[in-house]
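Reading through the structure tokens given below for one structure.
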Amino acid sequence: MAQGANSINIVALFLPEIKGFLKEKKFQELKELLKKIHSMDLSEGFKNLSTKEQILVFKLLSTKKAIEVFENLRFEEQSFLLNNLANEEVSQILNEMAADERVALFKDLPEKVIKKFFSLMKNEEVEDVKKLLSFKEGTAGSLMTTDFVELKKDMTARRAILKLQEQHRAANIRNIYSAYVTDEEHRLFGRVSLQMLLSAAPDMLIKDIMSSVELIKVSVDLDDEEVAKLFTKYDLSDLPVVNGENKLIGIITVDDIVDLIHEEATKDIYEIGKMSVGKGEEIRYATSRVTSLVKRRAGWLIFLLVFDFLTGTVLKTFEHAMGSVVALTFFIPMLLDTGGNAGAQTSITVIRGFATGDVTFKNLWRIIKMEFLAALFMCFIVGIVAFTRAFFLQHNLQLALVVGLTMSLIVLLAIATGLFLPIISKKIGLDPAVLAGPITTSIVDIVGLIIYFKMAQFIIPALRGGHI
């Protein structure tokens, strides 16, 4: 779960007092203090406590708050608590956790530990975990929770509200935004938001106030990125998930989609920067180690370094040209940096377009034409600027012409590379961000240098005649 922006400051404010009460064994005073601290802030500050302090603080929390704190802890902290609490306490936590949070925990547990925890849980909760774990990762089924409320068409609004209250108390369902209208076979017919239910006349029938779900229900096998797009498009708080027989089997709530969007954005940023994405986990300096930073960065860095060996080879090939016209070297950084920037601008725009659905294979030719026309304008603009700069710096028309023309061609190459690499990547089933960023820059560097020196050989008389 995402942590609040001010949570570190809040925990830091209470931390000396918490540790003081623990040291002096003033547990009743500490219990009262913990009631004033938000569950999310306690989760964020858990890492600042020793292992013994963590257990003591956790045991002093009310059952409801303990579960809320537990759900927002890091996996390592959750595992530690489960291994150090009494079986009765572990049983209560596992049975009363939100279904989707419980499944997220079980996904990373070893098989032996899972069997142990299953023995401490109610049979219905065990079956629920097994069912949710069976859905393929990256689909709607892997995101959903089975904590939802079903209503019938012929219920009155008054009876529906009573059922919501009863089910909330019995199953401890949180984040109720809507109730769903089904028949006896759990086939889905409609949706009733809490706002609609509360504003309806008490004797009004559910079938008269429910809304259609045809546009917003999703198949259990739908890709999770498509689910996120539906939440964004229709500004949803929750979304029903159905199987092939249109039976309601779960719902996805907005808090899970926020986590998914955060995770996907983190992955894209790290992939563009050419770092290992891990499981989409954000690199946090407060908890990361030097070894983990090296592990996530070194692989790509070495790969790109080897790739860039070709740049040195190109420069060595044209060594005579640089020796004959030394001024050629003055403009290499400008040419390559501008090309890299142009490629990055295009690739990031296309990658973002794929993520939001703005770019699809159906409208691809329109995108290509638009980028091509934009590239022509930008080639002309940056070419003129580069030509002017080179002329006033060296007062050499031929050299200025080489720099201006090369700049135009490099920008055209960079935009084409930044456009087609993500498209090709998407077509073959890879994340478009994988082939963007530094790889685009490396290609532009190598090919751009060849264009530059070949253009110089063609235009500058001193470099003609096979000297390079």
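The values are calculated or read from the model by the stated rules, or taken from the named source; none is laboratory data. Computed from a predicted model, the values in this text were never measured in an experiment. All Cβ positions, even for glycine, are placed from backbone atoms using ideal geometry, and neighbour counts span all protein chains on display.
Worth a mention:
- Contacts under 9 angstrom Cβ, first residue in the range 169-193 being more than 17 Å from D238 (Cα to Cα), partner aromatic (F, W, Y) and at pLDDT 90 or above, 6 or more apart: D183/F189
- Candidates G448, G418, G404, G429: the one that is small (G, A, S), in the same structural domain as F303 (by TED's automatic domain parsing) and part of a loop (DSSP other than H, G, I, E, B) is G429.
- Residue check: I173 meets all listed conditions (1) outside any helix (DSSP H, G or I); (2) modelled with pLDDT of 90 or more but one, namely (2).
- The set of residues in the range 198-230 that are under 26 Å from R158 (Cα atoms), touching a residue at least 12 places away in the same chain (Cβ under 8 Å) and either outside any loop (DSSP other than H, G, I, E, B) or touching a Gly at 6+ places or on another chain (Cβ under 9 Å) (or both) comprises L198, L205, I206, K207, I209, M210, S211, S212, V213.
- Here F135 meets each of (1) outside any loop (DSSP other than H, G, I, E, B); (2) modelled with pLDDT of 90 or more; (3) not charged (D, E, K, R) with one exception, condition (1).
- Scan of the range 455-468 for residues that are farther than 15 Å from G323 by Cα and modelled with pLDDT of 80 or more, ordered by number: M455, F458, I459
- Residue in the range 343-351 that is closer than 19 Å to I450 by Cβ, in the same structural domain as G448 (by TED's automatic domain parsing) and in contact (Cβ under 8 Å) with a residue 60 or more places away in the chain present: yes
- Filtered residues of the range 366-405 (kept if without any contact (Cβ under 8 Å) to a residue 40 or more places away in the chain and either of a type in the set (K, R) or touching a strand residue (DSSP E or B) at 6+ places or on another chain (Cβ under 7 Å) (or both)): R366, K369
- Of the residues screened, E225 is one that is acidic (D, E), surrounded by 14 or more Cβ atoms within 10 Å (Cβ to Cβ) and within 30 Å of D431 (Cβ to Cβ).
- Flag if R289 is of a type in the set (D, E, K, R), on the phi < 0 side of the Ramachandran plot, surrounded by 16 or more Cβ atoms within 10 Å (Cβ to Cβ) and at pLDDT below 75: no
- Tabulated pairs, the range 19-33, first more than 19 Å from K64 (Cβ to Cβ), second surrounded by 15 or more Cβ atoms within 10 Å (Cβ to Cβ) and among the β-branched types (V, I, T), C-beta under 9 angstrom, 6+ apart or interchain: L22/V57
- Extreme residue, surrounded by the most Cβ atoms within 10 Å (Cβ to Cβ), among residues of the range 135-161 that are of a type in the set (D, E, K, R) and over 17 Å from H186 (Cβ atoms): R159
- Each residue in the range 320-372 was checked for being within 30 Å of the chain's Cα centre (by Cα), assigned to a helix (DSSP H, G or I) and of a type in the set (S, T, N, Q), and 7 of them qualify.
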